[in-house]
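Every number here is computed from the coordinates shown, using simple stated rules; none is lab data. Please read these numbers as outputs of a predicted model, since none were measured by experiment. Positions of Cβ are generated from backbone atoms using ideal geometry, with glycine treated the same way; all protein chains shown enter the neighbour counts.
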Amino acid sequence: MVYFGIKYNIEVMHPAVEFINSLSPKLRAKALRAIELLKEFGFRLGEPHSKTLFGTDGLKELRVKVGSDICRIFYFHHKNTLYVVTSDYIKK
């Protein structure tokens, strides 16, 4: 089965948009790039870009790092080719 050429749809919830917009320019650029990678690769996106959170029902995180600045962006697969980005945080 070949998956090349499939584009996934990403819905970013309002709290996640506000968070991403509040990031420093470099961290924001990396966060947006991580979302673009999710759009391109969907379920095939793995570490170091994405990780499944154990003990949850399908919740995953995009892992974004610029220097010592680290943020996590939570998302889940909803239907067919749709992923929903829900919330984020800065890791200290």
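Worth pointing out:
- Phi-based couplings in Hz for the range 81-90 (Karplus 6.51, -1.76, 1.60; Gly and Pro marked x): 10, 9, 10, 10, 8, 9, 7, 8, 7, 8
- Proximal lysines relative to Lys30, as straight alpha-carbon distance under 23 Å, when same-chain residues fewer than 8 apart are discounted: Lys7, Lys39, Lys51, Lys60, Lys65, Lys91, Lys92
- Calculated Rg/Rh (Cα atoms, Kirkwood Rh) (choose from (i) 0.99; (ii) 1.27; (iii) 0.95), label: (iii)
- Karplus-derived HN-Hα couplings along the range 16-21 (A = 6.51, B = -1.76, C = 1.60, θ = phi - 60°), whole Hz, x at Gly and Pro: 5, 4, 4, 4, 4, 5
- Annotation: amide H-H contacts under 5 Å for Leu59 (H modelled 1.01 Å from N, sequence separation of 5 or more, or interchain): Leu53.
- Centre-to-centre separation between the Cα atoms of the range 72-92 and those of the range 10-29: 11 Å.
- Each residue, Ile6 and Asp57, gets one label point 7 Å from its Cα in the Cβ direction; the gap between the two is 2.3 nm.
- Within the range 9-91: Cβ-based charge dipole about Cα centre, in debye rounded to nearest 20 (Lys, Arg +1; Asp, Glu -1): 240
- When chymotrypsin sites (Phe, Trp or Tyr not before Pro) are flagged only if DSSP places them in a loop and at most 12 other Cβ atoms lie within 10 Å, the longest unflagged stretch of the chain comes out as 5-53.
- Taking amide hydrogens as placed 1.01 Å from N in the peptide plane, the amide H of Asn9 sits under 5 Å from those of Leu82, Tyr83, each at least 5 positions away in sequence or on another chain.
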